[in-house]
Amino acid sequence: MERVGGCLCGETRYEIVGDPVRVIYCHCNDCKKQTSAPYSIVASYAKEQVSIQKPGFLKTYESVGDSGMLVKRTFCSNCGSPIFSEVHMTPEMLHIKAGGFDDMSWLEPSAEIYTKDKVRCANINESIDSYAGGRPRK
C-alpha cells in the first residue's frame, strides 16, 4: 500500500510504502500545542518506508518529552504544518502526523496515549487500548 501526503502549502510532500506499525491518538500537551487540536493522530512507520520530497523546506523543533528524552518535531518552514516526529525511544521510526495524508479514510487508531492530559471533549472509542502516559515498550 502506498500513502501520499504533505503540508498545507504543498511545498513539502511525502510518499510512504507499506502499512504503519501502529496508528494512535496522542493526548500529550506538546502534540496538542503543535496541532492546536485536542489530540493528534499519529501513524508510525519505519524510516525506510518514508520518502520526503523537497526536504529543504523542513525545519525541526527539538524539546524534551514527558519521558525526559528528546523529541524532534519536523514541520514545513513555509506554512507551519506538522509533518512528523522522531522520538529518542524509537529512533528507527518516523511518527507521521496523520492530518497531512491526502486520504485519511483508512485511519483506525488502535490506542490512545497520554490520557492523563486528555480534554473532556475528546470522545474516543472506549474499546481501544488506553494509556495514562506513553505506550509501554514490549
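Observations on the model:
- Annotation: of all residues in segment 23-42 being in contact with a Lys or Arg (Cβ under 8 Å, 6 or more places away or on another chain) and in a strand (DSSP E or B), the one that is surrounded by the fewest Cβ atoms within 10 Å (Cβ to Cβ) is ILE41.
- Subset of segment 1-22 [surrounded by fewer than 22 Cβ atoms within 10 Å (Cβ to Cβ) and touching a Cys at 6+ places or on another chain (Cβ under 7 Å)]: LEU8, CYS9, GLU11
- Candidates GLU86, GLU62: the one that is surrounded by 15 or more Cβ atoms within 10 Å (Cβ to Cβ), assigned to a strand (DSSP E or B) and free of Cβ contacts under 8 Å to residues at least 24 places away in the same chain is GLU86.
- Subset of segment 1-22 (residues that are under 11 Å from SER81 (Cα atoms) and in a loop (DSSP other than H, G, I, E, B)): CYS7, LEU8, CYS9, GLY10, GLU11, THR12
- Selection status of SER51, touching a residue at least 24 places away in the same chain (Cβ under 8 Å), buried (at least 18 other Cβ atoms within 10 Å of the Cβ) and assigned to a strand (DSSP E or B): no
- For segment 89-138, filtered to residues that are buried (at least 18 other Cβ atoms within 10 Å of the Cβ) and among the aliphatic types (A, V, I, L, M), the residue that is nearest to HIS27 (Cα to Cα) is ILE113.
- Here ALA46 clears all of (1) without any contact (Cβ under 8 Å) to a residue 60 or more places away in the chain; (2) in contact with a helix residue (DSSP H, G or I) (Cβ under 8 Å, 6 or more places away or on another chain); (3) small (Gly, Ala, Ser) except the condition numbered (2).
- Selected residue (criterion: nearest to the chain's Cα centre (by Cα)) from residues of segment 59-100 that are aliphatic (A, V, I, L, M) and modelled with pLDDT of 95 or more: ILE96
- Of residues in segment 65-74 being free of Cβ contacts under 8 Å to residues at least 24 places away in the same chain and within 17 Å of SER40 (Cβ to Cβ), the one surrounded by the most Cβ atoms within 10 Å (Cβ to Cβ): THR74
The values are calculated or read from the model by the stated rules, or taken from the named source; none is laboratory data. Treat the numbers as computed from the prediction; the structure is a model and nothing was measured. Please note: Cβ atoms are built from the backbone with ideal geometry, for glycine as well, and neighbour counts cover all protein chains shown.
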